[in-house]
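The values are calculated or read from the model by the stated rules, or taken from the named source; none is laboratory data. This is a predicted model, so every value here is computed, not measured. Counting neighbours? That spans all protein chains shown, and the Cβs are built from the backbone with ideal geometry, glycine included. We work out accessible area using only protein heavy atoms, side chains counted, and drop any ligands, DNA or RNA first. Shrake-Rupley method; radii C 1.70, N 1.55, O 1.52, S 1.80 Å.
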Amino acid sequence: KAGVTQTPRYLIKTRGQQVTLSCSPISGHRSVSWYQQTPGQGLQFLFEYFSETQRNKGNFPGRFSGRQFSNSRSEMNVSTLELGDSALYLCASSLVASGGAYEQFFGPGTRLTVL
Amino acid sequence: AQSVTQLGSHVSVSEGALVLLRCNYSSSVPPYLFWYVQYPNQGLQLLLKYTSAATLVKGINGFEAEFKKSETSFHLTKPSAHMSDAAEYFCAVSDLGGATNKLIFGTGTLLAVQP
């Protein structure tokens, strides 16, 4: 069975631009979560979607937004990019939102570099 | 609030030696706890999880972890390290409530295996 796919894998943008990252969950999974990974802050939760509804949101500015489509694919958008947004963005999918009863599967991530 | 603390950002062992990676948690309710591994340029892979069943949890690749409530610990061990175990390891706790998949991660431990 295909795993979680994230596109693109690598992205270079300049300050002030905006970016959209995509995540396709494992077939049948309805829960998608996003995380930002940086050397300084580690892994931080961005948001979680289930059946097209945002269920939970981390402590990030409003420049970070996301959505989920009816086929469970998810996108996250970062507007007005800052240097500090350079990070690996990870997507994880799960059957349902269960607090961990069902395994979350992570994608390979999108490496965003902001110049 | 839920949190995890990983002691030791870098651990180095010889091939064949015991691997011990430390994780302490803070939780106001019985937690779900996880260990993930991340290889370079890849996403996270679940090694094992504790969900209040057995306190000794066996995972993939010969790893196991023991939940000790009295010590609020969930240390990861492997009797004999292989070169292929070199990676970064993250301990995580599930956020409060079973209706979210939000994970709170520790800062990670980079494991080096010397020949």
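Values computed for the structure shown
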quantity	calculated
Fraction of the pair-distance distribution of chain B above 25 Å, Cα-Cα pairs, percent	17 percent
Residue mean of other protein chain beta carbons inside 10 Å, B:107-113	1
For residues of A:36-43, the mean tally of beta carbons on other chains within 10 Å	3
Centroid-to-centroid separation of region A:23-38 and region B:38-109 [C-alpha atoms, Å]	19 Å
Length-normalised contact order for chain B - Cα pairs under 8 Å, 6+ apart - percent	37 percent
Distance violations [Cα-Cα > 20 Å] among B:K68/B:K102; B:K78/B:K102; B:K58/B:K102; A:K57/B:K58; B:K49/B:K69	B:K68/B:K102; B:K78/B:K102; B:K58/B:K102; A:K57/B:K58
Accessible surface, per residue, of the protein assembly as shown when the full set of protein chains is kept, probe 1.4 Å, Å²	46 Å²
Whole-number D in µm² s⁻¹ for chain A, Kirkwood Cα-pair radius fed into Stokes-Einstein, 25 °C, 0.890 mPa s	175 µm²/s
D_trans [Stokes-Einstein, Kirkwood Rh over alpha-carbon pairs] for the protein assembly as shown, 25 °C, 0.890 mPa s, µm² s⁻¹	136 µm²/s
Kirkwood Rh, angstrom, region B:17-67 [1 / mean 1/r, Cα pairs]	12.2 Å
